[in-house]
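Read-outs: derived from the displayed coordinates by stated rules, not from any lab. Source: prediction; values computed, not measured. Because the Cβ atoms are built from the backbone with ideal geometry, glycine has one as well, and the counts that use them run over all protein chains shown.
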């Protein structure tokens with residue numbers, strides 16, 4: 001009986017050892033390398049409705065390291081990224097764009113009413129609903145973004161509870177921006193439309209960027 005107990009103990013020890021080795025050799029989960037995100041805004045610039053906010057963080061993983069002739073050169077051990085932001089109206093037309101600087105572990109907060117929809121290309125009036133697209137970019141230029149993983153974004157949404165004209169009271173919800181597929185065509189079009197709009201608007205359409213230490 002005692003001999004059987006020793007045998008069972010040995011089997012258990014070997015099992016635990018093998019299991020421990022399997023766990024030790026298991027691959028570590030990798031982070032999400034997405035760099036293109038989309039969301040919507042609704043009831044913007046609407047009397048009585050609260051303002052919505054787009055919030056973006058830099059997860060600090062991007063180091064700014066590049067490979068040059070076989071050697072890795074780190075420009076900055078914790079390099080900043082830029083949130084290349086493109087704002088469309090509900091007619092699928094881009095109306096403003098910008099690239100906002102975010103340092104490693106930094107937080108950017110953008111007001112939908114006061115910033116993202118306040119200074120637009122055409123001067124055709126206030127936008128109330130549409131689409132916001134964000135590229136996590138290592139370029140400061142929104143007309144030539146360079147997709148680089150490292151940013152994560154959330155947005156509040158203003159939801160009406162009643163039909164027009166009495167829409168209030170309002171519900172405010174917050175969701176993460178949806179990870180999306182960025183084709184080469186979409187990347188080119190976003191940069192080109194932004195460039196065309198800023199040129200046509202003679203400076204109008206460049207959405208202002210909030211300082212990282214300010215929130216709404």
Q: Could you please rank 98, 209, placing first whichever residue has the fewest other Cβ atoms within 10 Å of its Cβ?
A: 209, 98
Q: May I ask you to sort 174, 212 by Cβ crowding, counting other Cβ atoms within 10 Å and putting the fewest first?
A: 174, 212
Q: Sticking with the crude label model, points 7 Å out along Cα→Cβ, report the distance from residue 184 to residue 204 in nm, one decimal please.
A: 3.6 nm
Q) Classify the stretch 78-160: rounded, prolate or oblate, from the alpha-carbon gyration tensor (a ≥ b ≥ c, eigenvalue square roots; a/c under 1.5 rounded; otherwise prolate if a/b is larger than b/c)? A) prolate
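Give the value in nm², to one decimal: projected area of the alpha carbon convex hull of the stretch 126-216, averaged over all directions.
Values: hull surface 32.9 nm².
Its Cα hull, projected and averaged over all orientations, spans 8.2 nm².
For 41, 204, 35, what's the fewest-to-most ordering of other Cβ within 10 Å of each Cβ?
Numbers: 41 26, 204 15, 35 22.
The order, fewest Cβ neighbours first, is 204, 35, 41.
Using per-residue counts of other Cβ atoms within 10 Å, averaged over each peptide, order 116-127, 180-191 from highest down. Walk me through the numbers on the way to the answer.
Details: 116-127: 17.5, 180-191: 13.6.
By packing density, highest mean first, the sequence is 116-127, 180-191.
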